4 protein chains.
Amino acid sequence: MTVLLTGFEPFDGAAVNPSWEAVALVPGVRAVQLPCVFGQALEHLRAAVLEHDPTVVVCVGQAGGRPDVTVERVAVNLDDARIPDNAGRQPIDEPVVRGGPAAYFATLPVKACVAAARAAGVPASVSQSAGTFVCNHVFYGLMHLIATERPKVRGGFVHVPYAPGQVLGQAGPSMPVAVVAEALTAIVTAAVSVGDDLRLVGGSLH
Amino acid sequence: MTVLLTGFEPFDGAAVNPSWEAVALVPGVRAVQLPCVFGQALEHLRAAVLEHDPTVVVCVGQAGGRPDVTVERVAVNLDDARIPDNAGRQPIDEPVVRGGPAAYFATLPVKACVAAARAAGVPASVSQSAGTFVCNHVFYGLMHLIATERPKVRGGFVHVPYAPGQVLGQAGPSMPVAVVAEALTAIVTAAVSVGDDLRLVGGSLH
Amino acid sequence: MTVLLTGFEPFDGAAVNPSWEAVALVPGVRAVQLPCVFGQALEHLRAAVLEHDPTVVVCVGQAGGRPDVTVERVAVNLDDARIPDNAGRQPIDEPVVRGGPAAYFATLPVKACVAAARAAGVPASVSQSAGTFVCNHVFYGLMHLIATERPKVRGGFVHVPYAPGQVLGQAGPSMPVAVVAEALTAIVTAAVSVGDDLRLVGGSLH
Amino acid sequence: MTVLLTGFEPFDGAAVNPSWEAVALVPGVRAVQLPCVFGQALEHLRAAVLEHDPTVVVCVGQAGGRPDVTVERVAVNLDDARIPDNAGRQPIDEPVVRGGPAAYFATLPVKACVAAARAAGVPASVSQSAGTFVCNHVFYGLMHLIATERPKVRGGFVHVPYAPGQVLGQAGPSMPVAVVAEALTAIVTAAVSVGDDLRLVGGSLH
């Protein structure tokens, strides 16, 4: 079984992106870096899927400010950029795929993935929103590709905290990249091995 | 034009629910209280829509911990309760409507509603997730009702902070109910009067 | 009995300072605005104390980001400015009063003041640090003046949240100025009328 | 030169205390565990100082919820417990040392210690309050001991985040114990080797 993991290049002036740093440390997977650019990111993702023909695809992105690893539940058909992407584009309230459904659910076993990360000793939780920037764009594009062309592939998205070096003096949460990689390894293992998802508490009141 | 506003009864042991307290203060609308119970809440909402035949429906709920009024963008077809509802039910990873689409977007002019609340002096923002409890359940049920039976109705959901009396000693954010009511009044006015939504920055990086 | 309340002028580019807006609404007190300038603020405070000969002095400042009204417990002999004051000065690790003690405790009945604000319906708590900017500078200078020249005066410092208009689109906590004024009124009443402070839980684990 | 590091036993029902876990990993120091009990903790600390005759003493405690390593600046003569200590005592508004000064400043080079932790790649900042529980109690007791009996000793207090295993499902910040130990090693090195403290921005607005 082939697993494809993607991480992003740095954006918003940062020197690193912990999503890529961590993905590059996960053993036994195909690791591909995506540009932080609307449209281009999905072209790279599609090419990687065609090249590697994976059974599982997990795209990974940085969620600066979140304290734990979050497994995303739902991808929304909406680009609404708070800042420009790396090509200077800033779409506002546009669909990712014109005519696509409002959202797709991840086909990863989300609760089992969270449980696996915790069992590996890494704080993790379910997230109900991947935002409306390039991360959600890639997540929605992945799920649309799966829904329309690769229905047997399990796919989803994981957000990871800042690396410590990004917040040395900012009193914000961070997680070492090696710890993130342990969580991703556990998540990939769950994605490959778990059948039906676990029935665990993991919702949000609001 | 008839506007229907709904608020919730108290839940989780609280004595009040600021969503209902504020809704009851908004002039010129039909105000209906919904039970905080999966299923029943939607039955009450449906009955109110049939009775009042509104042009605009805004459901309002409490988002304890949020500091501002948030206009929700997307309703998800998912019940995943972190705590039991007022009837003791705690669904986990079940659809709101079996066979329904993964999500609906609000048909309120979301950005214009946020701008109207701010113009009235009340902090407000767009939210990308209404959670997975009874609030999202009602929001999804409303949008499904609109999509399948009342396509001309504008509908959406607004989350409001705790009332001050709920957090007197907890060092958490709150907003006086009268201030929330001013925001709701401005939002309803925008919902009735604005044509196409405004093109404003309001997305989320994650 | 004369009560002196002080608030600050705006700083850091803001158009208003809610500490002054709220102080100006409190009935039955002498209200004085202080400049947000190291040194000068204390000269103005001293002049006001000499002019009004108060029994109680409560200085009030803005604590942007805090969600509730906080009654400060301890003033520290330290100026350590993260940003320049309104005169462009940015002292780093200098004493407020050379040769003064490391700290003074407020002589307000701190717990009773917090209880009074809550009884008036306003979220409030004890704070263990007034920071190291002009607020703490004024607080320490006040307590030094009291300790060395006016031992019968009750004095202290209260921090207040942003006004709503300062955070309209920032998803940060705020409190209407009229609500802050109710808390200050209750605090002043407690400061004038309470004998020994109440013995209530109000500490911090860290 | 002898360096004494102390950490605490678990408290408030926790299974571990990351302060002790991390202290035990720092090479080349005397490591002593303190009970989380008012009074007893200071007796143990005093015995350790007498036994080891250190040049530098750094006491370390858990600050659950803080995202980074914080070097405390000021110890306050106040016990005000929000929860009972491990012996069931809950002092409210009592002095640590009857007749002692209101506060002591750390004699560690605080800014240099923060800079050293950051240079080692660990997020760190200055804290203006160590709270009013057993951590502050030990910090104040240490500084009083130094001031009255060991004036040449450099002393201070460092707060550390939760370990990851303490917040697996809580979406709160954490830091691996090995990373905390790297910060403590850097801080101890700075405490031993730096002369005058560095003049760096590190204050707090409030």
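Couplings for region B:75-85, taken from phi via the Karplus curve 6.51 cos²θ - 1.76 cosθ + 1.60 with θ = phi - 60°, read 9, 10, 7, 7, 9, 8, 8, 7, 10, x, 7 Hz in order; Gly and Pro are left as x. Given a 10 angstrom Cα cut-off, can you work out which residue in D:LEU184, D:LEU168, D:LEU42 is the most mobile in a GNM of chain D? Top of the fluctuation ranking is D:LEU168.
Counting Cβ atoms of other protein chains within 10 Å of each Cβ in A:75-84 and taking the mean gives 4.
Taking a ≥ b ≥ c as the square roots of the Cα gyration tensor eigenvalues, chain B comes out rounded, since a/c falls below 1.5. Other protein chain C-beta atoms within 10 Å of residue C-beta, averaged over B:111-117: 1.
Each Lys or Arg adds one and each Asp or Glu takes one away; over the other residues whose Cβ falls under 12 Å from the Cβ of B:GLY39, this sums to -2.
Each Lys or Arg adds one and each Asp or Glu subtracts one; over the other residues with Cβ under 14 Å from the Cβ of D:ALA15, this totals -3. Once the 1.4 Å probe is applied to the protein heavy atoms, region B:106-206 comes out at 32 Å² accessible per residue.
Within the full protein context, the accessible area of B:CYS36 is estimated at about 10 Å² for a probe radius of 1.4 Å.
Once Rg and the Kirkwood radius are both taken over the C-alpha atoms of the protein assembly as shown, their ratio Rg/Rh works out to 0.98.
Rounded to the nearest angstrom and listed largest first, the equivalent-ellipsoid semi-axes of region D:1-67 from its Cα gyration tensor are 21, 15, 9.
Summing +1 for each Lys or Arg and -1 for each Asp or Glu among the other residues whose beta-carbon sits under 13 angstrom from that of C:LEU5 gives +1. Annotation: amide H-H contacts under 5 Å for D:GLY65 (H modelled 1.01 Å from N, sequence separation of 5 or more, or interchain): D:TYR162. Here is the interface size for C with D: some 3100 Å² of accessible area buried, both sides summed, with a 1.4 Å probe. Taking amide hydrogens as placed 1.01 Å from N in the peptide plane, the amide H of C:ALA103 sits under 5 Å from those of C:ASN77, D:ALA102, D:ALA103, each at least 5 positions away in sequence or on another chain. Start at zero, step by 10 Å, and the Cα-Cα distances of region D:31-125 spread as 13, 36, 40, 11, 0 percent across the bins. According to the square roots a ≥ b ≥ c of the eigenvalues of the Cα gyration tensor, what is the shape class of region B:82-169, taking rounded for a/c under 1.5, prolate for a/b larger than b/c otherwise, and oblate for the remainder? The shape class here is oblate. Peptide A:93-104 has a mean shielding of 3, counted as Cβ atoms of other protein chains within 10 Å of each residue's Cβ.
Among the DSSP beta bridges whose two residues both lie in chain B, what percent are antiparallel, rounded to the nearest 5? That works out to approximately 25 percent antiparallel. Placing a pseudo-label 7 Å from each Cα along the Cα-to-Cβ vector at A:LYS152 and A:MET1 gives an inter-label distance of 1.3 nm.
Classify region C:57-100: rounded, prolate or oblate, from the alpha-carbon gyration tensor (a ≥ b ≥ c, eigenvalue square roots; a/c under 1.5 rounded; otherwise prolate if a/b is larger than b/c)? Verdict is oblate for region C:57-100. Straight-distance candidates among the aspartates and glutamates for linking to D:LYS111, with alpha-carbon spacing under 20 Å and chain neighbours fewer than 8 residues away dropped: C:ASP79, C:ASP80, C:ASP93, C:GLU94, D:ASP68, D:GLU72, D:GLU182, D:ASP196, D:ASP197. Over the Cα atoms of region C:134-206, the radius of gyration divided by the Kirkwood radius equals 1.04; this is the Rg/Rh ratio.
With labels modelled as points extended 7 Å from the Cα through the Cβ direction, what inter-label distance (nm, one decimal) is found for B:ARG199 paired with A:GLU51? Spacing of the two 7 Å Cα→Cβ label points: 3.6 nm. Over the protein assembly as shown, dividing the summed -39,500 (n - 2.57) contributions of all DSSP H runs of at least 4 residues by the number of residues returns a 222 nm mean residue ellipticity of -9500 deg cm²/dmol. For the residues B:ALA190, B:ALA117, B:ALA47, a GNM of chain B with alpha-carbon springs under 10 Å puts the largest fluctuation on B:ALA47.
The values are calculated or read from the model by the stated rules, or taken from the named source; none is laboratory data. Small disclaimer: the values here were computed from a predicted structure and weren't measured. FYI the Cβ positions are ideal-geometry reconstructions off the backbone, even for glycines, and counts take in every protein chain you see. Keep in mind that these areas ignore ligands, DNA and RNA; they rest on the heavy atoms of the full protein, side chains included. Shrake-Rupley method; radii C 1.70, N 1.55, O 1.52, S 1.80 Å.
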